[in-house]
Amino acid sequence: MSRRAFLFAALFFASLFVLADPRARAAARVDLDGAWQFRTDPSREGEARRWWRQAPDGLETVHVPHTWNLGRHDDYEGTAWYFKSFEAPDGLRGRQVELHFGATFYRSRVWLNGIEVGAHEGVHTAYYFDITSLLRRVNTLAVRIDNMPTESTIPGWAMRLRFTNNVWYDWWHYGGIVRSVWLTVNDAALIRRQHIRTRVDGRHAEVADRVFLENTTPRPSP
């Protein structure tokens, strides 16, 4: 058997090992893209007025994935809010549910049903939160996003060595929920990731396979 054929065979059987675990099933996905409610917050009053509990007036409908820098908010820098209501069927409740964001620009804070579930800073990185304990029959998401550049954001302000003024990097300062949003619904165990490495030495080849399982079964009370 050639080295290439050996590697393909080893990878194939490594995949079968994962599929053979009856607890490890593919997560079901629930899409949350489409129509959301949106409002800019130039005076940064949303947190003080607790918009995550009660959405304000003056909302407009946008479609996620979305950037507010297309259209009448094309040069807006600062904070803005997104709101989304969705129903969770009975089949979702009682299972392990995660809320995923493909990407948001730049700093985000996320609330579900009036409870903050987490925050994220970055541009093109995906992230998720476990919302199992917060899920209801009818749910409301609130997402606060800030695209204001600073010296520490990427992109952001560049400092001239001989001057005190800030210089903007040559980058479009867009803001918003710029990639998809979705839920994943998992059973008692899920495959969080798989780590496969190969090594070829002369006529010999080795494949090392590590599968990372996460058990979400609640522990029994003592």
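The values are calculated or read from the model by the stated rules, or taken from the named source; none is laboratory data. Predicted model only: the values in this text are computed from it and were never measured. Using ideal geometry, Cβ is built from the backbone for each residue, glycine included, and neighbour counts are taken over all protein chains shown. Note: areas computed on protein heavy atoms with side chains; ligands, DNA, RNA excluded. Shrake-Rupley method; radii C 1.70, N 1.55, O 1.52, S 1.80 Å.
Here are the numbers for the structure shown:
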read-out: In Å², nearest 10: area of Asp75 left accessible to a 1.4 Å probe; value: 110
read-out: Length released on extending from Asp130 to Phe212, taking residue separation times 0.36 nm less the Cα-Cα span; value: 27.8 nm
read-out: Residue-by-residue Karplus 3J(HN,Hα) for segment 102-109, coefficients 6.51, -1.76, 1.60, Hz, glycine and proline x; value: x, 4, 9, 10, 10, 9, 10, 10
read-out: Heavy atoms of Thr125 accessible to a 1.4 Å probe, total area in Å² rounded to 10; value: 70
read-out: Whole-percent carbon and sulfur share, accessible surface of segment 73-129, 1.4 Å; value: 49
read-out: Amide H within-cut-off set for Trp51, under 5 Å, with H built and near neighbours excluded; value: none
read-out: Inter-site label distance for Arg197 and Ala48 at 7 Å from Cα along Cβ, in nm; value: 5.4
